[in-house]
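For reference, the structure discussed in these notes is given below.
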Amino acid sequence: MGFRTVLQLIACFLLVNVRSEVQKEISLECREFLYMGTAPRGLENRSLKKICQRYNGKARYITLYDIVDHIPVYSAYTFKRSDGSKKVDVPWMFEPQLSKDSNSGEMQPFPQDYLPGSFSDAQAVLEDYSNIVDFERGHLNPDEHQAHPDDKAATYTLTNVVPQVREFNIGHWKRHEHIIRRRLNNYCRGTAYVVTGVTTSGRMIRRHNIDRVAIPTYLWSAYCCIDYDHNAPFEERSKFPAFSSHGLNEKEGSEVLEMSVSQLEDFLKKNTFVDKRFQIFFDNCKPNDGIVLG
């Protein structure tokens, strides 16, 4: 019996709160986006909030959000097979659960007229990204890694984007997203779990002389797919069940480097605030018939 099936059976016997919330413990409906239902460990900080990103009545992915730096530390999602070419036309959204002025259970479009000042206390707002020339809103969970229009639409929230240098966003990083999409489309036979995140070093976008949004130094990403094509060409087969990458968020020298997940973890231990027990995937993405939640 598969892990997701077990979760569904458990949910039948438990009263589960299916409403989105900034959570201390991730609810069952949102753990489906994590390998073995387990979030990356070794990332603990008061300013980091787990968000089960919900759109149109359904959980779509998970984000660990920094309410001080006003950017996601990572977004974790399940890859959906896609041709990568179709986008959706939706307005940018915010996360009401980060505001004390709203009790909505899912992401909402920014209002056209008035946004209470308290909304910007814990998250980025559209004004933070206006009038900046060098940076674009770069997705961590990209729409091209999703297939259903609602899953694509759910990626257009400011809690899923970071300031990305334009040349990097449309250049090396975009090509990397294409490579991963094609690889998982072609050779992952089961569920692919993806975690994409950032490192920072203190650079900020400022508005009204106030630090507002942290500028990532590196973007990094890792995937886990234990059910893959064992007859794939060696060059591709060697990148399963898990592989990872990182790239420098700059105009130059921003080539994306692929590496093992353990190499990425070592890199992040040296370049960001993760602790010594940092681990992206439970048991390093080894096949496991047991059920571990936490």
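The values are calculated or read from the model by the stated rules, or taken from the named source; none is laboratory data. Just so you know, these numbers come straight off a predicted model, no measurement behind them. Cβ atoms come from the backbone with ideal geometry, glycine included; neighbour counts cover every protein chain shown. All accessible areas refer to the heavy atoms of the entire protein, side chains included, with ligands and DNA or RNA removed. Shrake-Rupley method; radii C 1.70, N 1.55, O 1.52, S 1.80 Å.
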Restricting region 111-122 to residues that are open to solvent by 20 Å² or more (accessible area, probe 1.4 Å) and part of a loop (DSSP other than H, G, I, E, B), the one modelled with the highest pLDDT turns out to be ASP121
Could you check region 73-98 and list, in sequence order, the residues that are within 15 Å of the chain's Cα centre (by Cα) and of a type in the set (D, E, K, R)? LYS80, GLU95
Return the only residue of LYS58, LYS87, LYS50 being under 25 Å from ASN284 (Cβ atoms) and of a type outside the set (Gly, Ala, Ser). LYS50
Just to be sure before I move on: is LYS152 in contact with a helix residue (DSSP H, G or I) (Cβ under 9 Å, 6 or more places away or on another chain), closer than 23 Å to CYS52 by Cα, part of a helix (DSSP H, G or I) and not small (Gly, Ala, Ser) in the structure I sent? yes
Of all the residues that make up region 195-207, how many are open to solvent by 20 Å² or more (accessible area, probe 1.4 Å) and farther than 28 Å from GLY37 by Cα? 6
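This table checks each residue for (1) within 23 Å of GLY190 (Cα to Cα); (2) touching a Pro at 6+ places or on another chain (Cβ under 8 Å); (3) at pLDDT below 95; (4) of a type outside the set (Asp, Glu).
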{"residue": "LEU9", "(1), (2), (3), (4)": "yes, no, yes, yes"}
{"residue": "CYS12", "(1), (2), (3), (4)": "no, no, yes, yes"}
{"residue": "ASN17", "(1), (2), (3), (4)": "no, no, yes, yes"}
{"residue": "GLN23", "(1), (2), (3), (4)": "no, no, yes, yes"}
{"residue": "ARG31", "(1), (2), (3), (4)": "yes, no, no, yes"}
{"residue": "MET36", "(1), (2), (3), (4)": "yes, no, no, yes"}
{"residue": "ALA39", "(1), (2), (3), (4)": "yes, no, no, yes"}
{"residue": "ASN45", "(1), (2), (3), (4)": "no, no, yes, yes"}
Picking from ILE210, ILE280, ILE226, ILE170, which residue would you name as being under 24 Å from PHE33 (Cα atoms) and open to solvent by 50 Å² or more (accessible area, probe 1.4 Å)? ILE226
Step by step: first the residues of region 232-257, then only those that are closer than 14 Å to LEU219 by Cα and over 18 Å from the mean Cα position of the chain (by Cα), then the one that is least open to solvent (accessible area, probe 1.4 Å). Which residue is that? SER254
Return a yes/no flag: does region 141-154 have any residue that is in contact (Cβ under 8 Å) with a residue 40 or more places away in the chain and among the polar types (S, T, N, Q). yes
If I filter region 47-83 down to residues being open to solvent by less than 10 Å² (accessible area, probe 1.4 Å) and hydroxyl-bearing (Ser, Thr, Tyr), which single residue comes out as nearest to CYS188 (Cα to Cα)? THR78
